[in-house]
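Enquirer: Starting off with a structure, shown below.
The values are calculated or read from the model by the stated rules, or taken from the named source; none is laboratory data. From a predicted model like this one, the values you see are computed outputs, not experimental measurements. Using ideal geometry, Cβ is built from the backbone for each residue, glycine included, and neighbour counts are taken over all protein chains shown.
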Amino acid sequence: MAHILIVDDELDMLALLAMIIREKTNHQVTTTSNPLEVLELVKTEDYDLVISDLKMPGMDGVELIAEIRKMDSNIPILIITAYGSIESAEEAVRKGAYDYITKPFRKEQILIAIDRALEWQKMKTQLRQLQETAESK
Amino acid sequence: MRSLLDIFKKIKFKRTETSTPSPPERTIFKERYDCFQKLLSANNSVLETMADMEEKISGDYIFDMSYVRSTCETVVESVHNIIEHLNKLSNGKYSALYDAFEKINSDIEGALAKKAEIPVTPFTIPFEQVTKDMVNSVGGKNANLGEVKNRVNLPVPEGFCISAYAFKKFMDYDKLRDEITLSSVDIGDVEGLNRISKKVRDLIMKAHIPPDLERSISNAYLELSKKIAHRGGILNASVRSSAIHEDAHFTFAGQYKTALNVVPENLTKKYREVVASLFTPRAIFYCESKGFQEEDMVMAVGVVEMIDAKASGVMYSRDPTDAGRDAIIINAVWGLGPYAVEGKVSPNTYVVSKDSDRTILEKNIPVQGVMLKCSPEEGAGEVEALEGKEGKPCLADDQIKTLAEYALVLEQHYGKPQDIEWSLDQNDNFFILQSRPLRILAEKSKKPIPTSLRGYKLLIDKGQIACKGVGAGKVYLITKEEDLENFPEGAVLVAKHTSPKFVTVMNKASAIVADVGSPTGHMASLAREYNVPTILNTEVAMKSLEAGQEITVDAINRNIYEGRIEELVEAGKTENPFKDTPVFKVLKGVLQNIVPLNLIYPEDEEKFRPELCETFHDITRFAHEVAMNEMFKIGGGPDVKKGGAIKLVVKLPLDIHVIDLGGGVKNDSDKITPDHILSIPMNALLKGLMEIEWPGPPPVNVKGFLSVVANTTIQPHSEKALWEPSFAVISKEYMNFSIRLGYHLQTVEAYAGDNLNDNYIRFLLKGGGASIDRRARRTRLIKEVLEKIDFHVDRTGDVLDGRVTKYDRATIEKKLGTVAKLTAFTKQLDMTLFNDAVVDWYVQEFIKKHYVEEKKPGRC
């Protein structure tokens with residue numbers, strides 16, 4: 001079971017994403033519609049994955065990635081983008097997002113994307129541990 | 001970004017000029033064919049986009065406004081292209097379609113912009129006159145409070161609304177709208193957003209309130225104070241925001257101002273403050289980034305009796321974190337409500353069961369050190385919470401149960417779980433301050449629908465899903481149009497082909513299954529509109545399913561089972577929480593102008609007219625139908641002989657000339673052979689023509705046949721007439737072949753490409769040299785054969801008009817082969833068709849010999 005933080009300024013979207021994840025998985029979900037709250041949340045809690053909208057008031061997704069990266073270089077960030085804005089999604093990936101998913105998407109697609117991101121995170125952690133073990137020998 | 005409105009405007013004024021000088025004939029053919037192809041392509045674009053949009057409305061997808069706008073843009077442009085090309089093809093014959101287009105376009109524009117009309121109402125409206133239907137006049141919060149007071153009959157504070165119309169008049173009075181120009185804002189610049197937000201708010205604070213509005217507020221307040229005087233409490237009011245779009249698209253909750261405990265003299269000042277809070281940086285961000293209009297920002301205000309609360313709180317009629325738990329959650333704090341939601345103090349929490357006793361399951365009473373209380377003069381301030389400090393519960397058990405009861409009454413009234421604000425006055429009277437739908441509801445996980453079920457006989461497990469869902473009922477086979485008349489309630493419609501005419505029974509059908517058809521076809525679209533679970537292209541339904549047989553159609557996993565499987569039917573019923581979201585409603589709204597199909601009877605000229613097109617689907621369907629007719633004329637026109645025809649050298653008793661529109665012939669020499677033909681339909685037809693032995697003498701094994709022939713006056717058919725040239729206008733996918741056979745003219749037109757929706761064969765036969773009864777017999781013979789190979793045939797006297805549509809390319813080729821054989825078979829048949837029995841014999845003979853059953857139509 002993973003702990004997932006969802007950031008989206010659209011309440012409906014936030015509610016739906018949380019519902020889909022809670023309905024279909026055992027993951028724990030925390031949500032916020034205020035991107036400015038995210039850093040505080042990441043500081044106080046351990047999250048295995050952040051799912052974020054790209055276009056939000058106060059702080060957009062790309063800025064958010066940069067800020068999260070300053071605090072935690074490992075946490076995967078999955079970006080959700082509006083229809084027809086792949087370029088900005090690609091920029092987000094260049095800036096350190098793990099991947100992006102474009103609306104419209106099927107409920108199953110977001111679940112697959114979450115699984116993949118968590119798997120990637122797990123492998124990355126294992127790799128780091130192996131490297132650390134190797135270096136300490 | 002180019003706005004959709006710009007595109008609409010551009011399109012509105014761009015009509016096609018069709019009066020161009022006449023170029024050489026071949027170029028005309030090419031141009032017309034080019035138009036036809038572009039029309040087909042636009043037609044497919046509309047159908048595909050429409051199917052995509054309808055799929056999104058199924059509830060399985062998450063989408064946004066960009067998607068809705070972008071797909072609408074595609075449909076609008078494609079439909080406009082269709083109209084343009086059709087008018088080019090027909091020399092402007094269907095210009096009436098432009099008017100239909102503009103009307104529908106404007107309706108879509110309206111649905112997209114979704115501008116809230118501000119109804120003209122009095123400036124102030126007492127709560128006694130308010131219900132939830134008045135959102136556009138008084139805003140969501142006020143409307144719900146009125147509903148609770150007047151229809152649910154629960155206690156709410158006295159009060160009145162300052163209407164949306166009052167807001168409009170206020171904004172108009174100092175021409176505030178002209179001052180507020182948000183379009184220049186750079187939404188990425190947070191500082192800039194703050195700056196403009198402050199500027200707008202300052203403007204509003206300084207603006208004058210129209211005198212008649214001021215008077216209305218003061219009179220309404222006077223009335224209010226009379227109503228509340230008997231309570232003996234304070235006579236101040238709270239001034240609350242009630243924006244028209246509050247809680248609609250985005251997170252505005254908590255953004256707008258509420259002023260507590262306002263003295264009468266300050267009412268208009270606080271009114272300004274609440275109105276100004278509409279223009280927060282966040283709201284401006286949405287206005288500019290998500291395509292709202294400034295005019296969409298409308299603020300009504302509620303002036304509500306101030307309840308000097310002993311305790312306040314929020315409650316949920318269902319546990320928002322566990323909807324499966326049948327419980328009501330009540331939070332309570334000492335003093336005024338804002339502390340219950342602001343997290344300043346830890347509230348009391350009570351969990352109440354929904355059982356008949358309203359059993360209190362849990363109580364959590366933390367210590368509360370401070371509370372918010374009405375200040376003696378105005379406003380509210382923090383004071384010590386004496387009872388809270390001692391850890392006393394805010395509510396007694398009977399009060400908890402009363403509140404729980406209220407929560408349930410509200411949930412029942414609104415039909416969905418509610419998030420409720422309440423307050424308890426110093427005399428222990430409860431008041432409901434707000435009730436709205438409860439958000440973020442974790443529904444109990446539904447069992448996923450099993451992909452296959454053991455213990456049930458699986459009848460069909462293939463096809464393409466056109467509308468998701470599960471339906472069960474008795475099989476009702478449709479073999480001809482008239483069968484629809486007796487369609488039983490709840491039956492499963494099973495047919496070989498799809499037809500938009502099935503719409504007449506879609507309110508009765510529990511599912512639809514067809515052997516052929518595509519999810520992007522017209523009928524599929526209708527099935528989605530009526531939400532009838534539908535599987536198409538099953539290939540074998542007509543053979544595998546029996547009339548009256550009870551079946552369950554699982555159009556989620558593409559399975560059809562024997563018997564009625566309640567488990568599946570139940571699992572197929574999906575609740576769709578997304579359907580309540582505004583973006584879903586916008587898509588649904590625009591689809592109303594795009595998808596419904598009203599023009600379903602092309603043969604009825606009264607009902608099949610451009611003026612009657614009410615949706616883009618109607619225009620598309622109409623244009624596709626008449627475009628085929630326009631193209632059909634291409635081969636029969638007087639220009640065909642001048643079109644640069646090349647002679648086809650072929651061992652057939654026909655003088656064939658070919659006009660290539662592009663891609664139909666390998667090289668451009670004076671003479672060509674069948675090996676040079678690249679046209680898919682032409683090759684299919686030629687293959688059929690060459691495979692059959694052209695008819696010799698009539699059969700000898702029919703009783704009395706020869707003797708009757710001997711006694712029949714045979715109409716002379718000169719060799720000259722037989723050898724009149726036949727013209728084929730072709731391209732790679734298209735063929736329009738006018739074959740002269742003796743005295744009759746037969747035209748076969750076909751399109752055989754990769755997109756199943758484009759494909760068709762049309763067969764027209766007219767004339768002949770025999771007597772009327774013989775010609776009639778010949779047409780009967782051909783009609784019966786064509787119907788056996790799935791053509792829909794209309795026969796008027798000796799004119800036959802048959803067509804078959806939407807088959808995959810391979811099947812169209814096979815059918816063309818059969819049509820070719822039929823052509824040769826019936827050559828000069830008139831002379832032998834001396835009675836009806838002979839016709840029956842010929843039909844059987846032909847089918848037996850030449851009809852290769854298309855057992856396995858390919859997929860699209």
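Enquirer: Would you confirm, using the coordinates I've provided, whether B:Leu203 is within 42 Å of the chain's Cα centre (by Cα), modelled with pLDDT of 90 or more and of a type in the set (A, V, I, L, M)?
Expert: no
Enquirer: Let me ask another. Considering only region B:150-166, state which residues are under 37 Å from the mean Cα position of the chain (by Cα) and free of Cβ contacts under 8 Å to residues at least 60 places away in the same chain.
Expert: Matches in region B:150-166: B:Asn150, B:Tyr165.
Enquirer: Still on this structure, I have one more. Out of the residues in region B:54-69 that are in contact with a Leu (Cβ under 9 Å, 6 or more places away or on another chain) and either at pLDDT below 85 or more than 15 Å from B:His522 (Cβ to Cβ) (or both), state the one that is farthest from the other protein chains (Cβ to nearest Cβ).
Expert: B:Ile57
Enquirer: Continuing with the same structure: Which of the residues belonging to region B:56-81 are in contact with a Phe, Trp or Tyr (Cβ under 8 Å, 6 or more places away or on another chain), in a helix (DSSP H, G or I) and buried (at least 18 other Cβ atoms within 10 Å of the Cβ)?
Expert: Residues satisfying the conditions are B:Lys56, B:Ser66, B:Tyr67, B:Val75, B:Val76, B:Val79, B:His80.
Enquirer: When you scan region B:516-535, do you find a residue that is farther than 17 Å from B:Ala51 by Cβ, in contact (Cβ under 8 Å) with a residue 40 or more places away in the chain and not assigned by TED's automatic domain parsing to the domain that holds B:Tyr807, even just one?
Expert: No, every residue in region B:516-535 fails to be farther than 17 Å from B:Ala51 by Cβ, in contact (Cβ under 8 Å) with a residue 40 or more places away in the chain and not assigned by TED's automatic domain parsing to the domain that holds B:Tyr807.
Enquirer: Then there is this: Taking into account only those residues within region B:105-149 that are under 31 Å from the mean Cα position of the chain (by Cα) and outside any helix (DSSP H, G or I), which is nearest to B:Asp419 (Cα to Cα)?
Expert: The extreme case among them is B:Thr131.
Enquirer: So which residues in region B:285-313 are more than 22 Å from B:Ser375 (Cβ to Cβ) and modelled with pLDDT of 90 or more, if there are any at all?
Expert: B:Met299, B:Ala300
Enquirer: Of all residues in region A:28-44 being at pLDDT below 85 and not charged (D, E, K, R), which is nearest to the chain's Cα centre (by Cα)?
Expert: Ranking the candidates gives A:Pro35 first.
Enquirer: Sort out which residues of region A:99-137 are more than 21 Å from A:Ile75 (Cα to Cα), of a type in the set (D, E, K, R) and assigned to a helix (DSSP H, G or I), and write them in order of number.
Expert: Matches in region A:99-137: A:Lys107, A:Glu108, A:Glu135.
Enquirer: Still on this structure, please answer the following. Checking the condition surrounded by 16 or more Cβ atoms within 10 Å (Cβ to Cβ), of a type outside the set (A, V, I, L, M, F, W, C) and within 14 Å of chain B (Cβ to nearest Cβ), which residue from A:Lys95, A:Lys103 passes?
Expert: Exactly one residue qualifies, and that residue is A:Lys103.
Enquirer: Among the candidates B:Asn136, B:Asn105, B:Asn153, single out the residue that is at positive phi and surrounded by fewer than 24 Cβ atoms within 10 Å (Cβ to Cβ).
Expert: Just one listed residue meets the conditions, B:Asn153.
Enquirer: Select the strands (runs of 3 or more DSSP E) contained entirely in region B:354-414, then report the ones holding at least 1 residues which are under 30 Å from B:Pro264 (Cβ atoms).
Expert: In region B:354-414, the matching strands (runs of 3 or more DSSP E) lie at B:370-374, B:380-384.
Enquirer: Ok, one more. Between a residue in region A:116-137 that is over 20 Å from A:Thr25 (Cβ atoms) and any residue that is at pLDDT below 90, which pairs come within a Cβ distance under 7 Å, given they are 6 or more apart or on different chains?
Expert: A:Lys124/A:Asn74
Enquirer: Now, a different point. Given the criterion in the same structural domain as B:Ile329 (by TED's automatic domain parsing) and more than 51 Å from the chain's Cα centre (by Cα), identify the matching residue among B:Lys354, B:Lys373, B:Lys363.
Expert: After ruling out the rest, the residue left standing is B:Lys373.
Enquirer: Moving on. Looking only at helices (runs of 4 or more DSSP H) that lie completely in region B:521-598, which have at least 2 residues being farther than 26 Å from A:Met13 by Cα and of a type in the set (D, E, K, R)?
Expert: Correct list: B:566-572.
Enquirer: Please go through region B:369-401 and pick out each residue that is surrounded by 16 or more Cβ atoms within 10 Å (Cβ to Cβ) and under 24 Å from B:Ser353 (Cα atoms).
Expert: B:Pro393, B:Cys394, B:Leu395, B:Gln399, B:Ile400, B:Lys401 - these are the residues of region B:369-401 that are surrounded by 16 or more Cβ atoms within 10 Å (Cβ to Cβ) and under 24 Å from B:Ser353 (Cα atoms).
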